[in-house]
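The values are calculated or read from the model by the stated rules, or taken from the named source; none is laboratory data. In this text the structure is predicted, and so the values were computed from the model without any measurement. As a convention, Cβ positions derive from the backbone with ideal geometry for all residues, glycine included, and neighbour counts pool all protein chains shown. Note: areas computed on protein heavy atoms with side chains; ligands, DNA, RNA excluded. Shrake-Rupley method; radii C 1.70, N 1.55, O 1.52, S 1.80 Å.
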Amino acid sequence: QISAWAETRHVAEWLLLEPALGTVDLAPYFTYARAKLTVNRSAARLPATLQDLLARLLSDVDGIRRAAVGSIATEIAEPERALLMEHLFNRALVEPDGVALQAVLEIAEKAPDTVPSVCRTLKLIPLDRFPEMLVAAVVRRLPGTHPDVVSLLGDWDASGHQIGSIAAQLRQSSRR
């Protein structure tokens, strides 16, 4: 089947175009594309206004994402916010080093009612896959006295993983 497809005239011409990719590992590109398609496909079930907001929340441009976070906290009712958070959680679980996790933490800072679900989601991310650079955002953005945050950070600390050590050091330095 593949050879028949590759032998069609237009596909054969396309395969001969530069740059030659025969020796290039394309797996990272396919992984990225699959992650984008998964989010876009599930987001298609959202109303258009929430789709637009989700796209802005997933923006790599900090200003666009932060403006969207601000509108979530002030303009979006809890049921719609829960729908958006579910999409962001799914994305963060698939791609913890992506922008969705940053958006989730920024939302939790502005909308305290999301903190319990954010902590539950963070507990699902394997610590080996959790971006160390976001540990500071967890400590800074989540309310340190909230029982769910205390539980999350306690679990991290008890894990013996480097993430727990980083979080403990950040918490200690923020108390000074």
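Here is how the numbers come out for the structure above:
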item	result
Which listed residue, of Arg171, Arg141, Arg91, Arg120, is farther than 30 Å from Thr49 by Cα and charged (D, E, K, R)	Arg171
Scope the range 77-105; condition open to solvent by less than 10 Å² (accessible area, probe 1.4 Å), part of a helix (DSSP H, G or I) and touching a residue at least 24 places away in the same chain (Cβ under 8 Å); matching residues	Leu84, Met85, Leu88, Ala92, Ala100, Leu101, Ala103, Leu105
Some residue of the range 116-123 being at pLDDT 95 or above and among the polar types (S, T, N, Q)	yes
Flag if Val149 is in contact with a Leu (Cβ under 6 Å, 6 or more places away or on another chain) and modelled with pLDDT of 95 or more	yes
Sole residue being surrounded by 12 or more Cβ atoms within 10 Å (Cβ to Cβ), touching a Lys or Arg at 6+ places or on another chain (Cβ under 8 Å) and part of a helix (DSSP H, G or I), chosen from Ala167, Ala108	Ala108
Subset of the range 134-149 (residues that are open to solvent by 70 Å² or more (accessible area, probe 1.4 Å) and either among the acidic types (Asp, Glu) or assigned to a helix (DSSP H, G or I) (or both))	Arg140, Pro147
Selection within the range 74-106 - modelled with pLDDT under 95, within 19 Å of Leu46 (Cα to Cα) and among the β-branched types (Val, Ile, Thr)	Ile76
Close pairs from the range 127-151: first farther than 22 Å from Glu95 by Cβ and free of Cβ contacts under 8 Å to residues at least 12 places away in the same chain, partner of a type in the set (Gly, Ala, Ser) and open to solvent by 30 Å² or more (accessible area, probe 1.4 Å), Cβ under 8 Å, at least 6 apart	Val150/Gly144
From the options Asp60, Asp25, residue that is at pLDDT 90 or above, open to solvent by 60 Å² or more (accessible area, probe 1.4 Å) and either of a type in the set (Lys, Arg) or more than 20 Å from Leu142 (Cα to Cα) (or both)	Asp60
Conditions (1) over 25 Å from Leu142 (Cβ atoms); (2) at pLDDT 90 or above: number failed by Ala33	(2)
Residue match in the range 126-133 (condition: in a helix (DSSP H, G or I), open to solvent by less than 50 Å² (accessible area, probe 1.4 Å) and under 20 Å from Val61 (Cβ atoms))	no
